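Take a look at the structure set out below.
The values are calculated or read from the model by the stated rules, or taken from the named source; none is laboratory data. Note that the coordinates shown come from a computational prediction; the quantities given were computed from them, not determined experimentally. Glycine also receives a Cβ, built like all others from the backbone with ideal geometry; neighbour counts cover every protein chain displayed.
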Amino acid sequence: MAYFSHDANSAGDIKCRRLIRVLGYEGYERWWRVCELMASATGHCLPVSERIDAEILSDELRFDGTKALMSYLESLADFELISSDELSQGRVASEKMMRNAERFGQNRRNGRLGGRPKKE
C-alpha cells in the first residue's frame, strides 16, 4: 500500500495518548515508523518470530537490541495499537492498518471502474 491515512489529530486518540504518556514522543515516532513499515509490507504485517527479522526491525526502530524491541511491541499491544494475538504468533499487525488497506484496495478497484457504462 503506497499510502495510508494518517489523521491530523491522531495524537489526540486515547490509544496514542497512552503511548505518549508512557513512552514519550520517541515511542510515538516509532509507532508511526511501524505503521509505515506495515503499510509497505506484504500482507501489511511484520515478522518478528525469526531472530534475524526481529534484529532488522530493532535496527530500523533504533533500539539497542531485540529485548528492547519486544518490550516496545508488547507495550503497543497493551495499548491495543497492534494485535496481541498476532504478536504472540510472531507478527506485528494492526487491525486498523488492515481495514485501511482493504478500503484503499476497494477504492482503487472502484476507481478502475470509473467511466465505464453500467451493465443492465
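Assorted remarks:
- Only a single item in (1) more than 25 Å from N9 (Cα to Cα); (2) in a helix (DSSP H, G or I) is not met by Y28, and it is number (1).
- Residue pairs meeting the criteria (Cβ under 6 Å; at least 6 apart or on separate chains; first more than 19 Å from M97 (Cβ to Cβ), in segment 12-35; second in a helix (DSSP H, G or I)): I20/Y28
- Among the numbered conditions (1) surrounded by 17 or more Cβ atoms within 10 Å (Cβ to Cβ); (2) part of a helix (DSSP H, G or I); (3) at pLDDT 95 or above; (4) under 13 Å from the mean Cα position of the chain (by Cα), the only one that C35 does not meet is (3).
- Residue count for segment 65-89, restricted to those that are more than 26 Å from S10 (Cβ to Cβ), in contact with a helix residue (DSSP H, G or I) (Cβ under 8 Å, 6 or more places away or on another chain) and either in contact (Cβ under 8 Å) with a residue 24 or more places away in the chain or in a loop (DSSP other than H, G, I, E, B) (or both): 1
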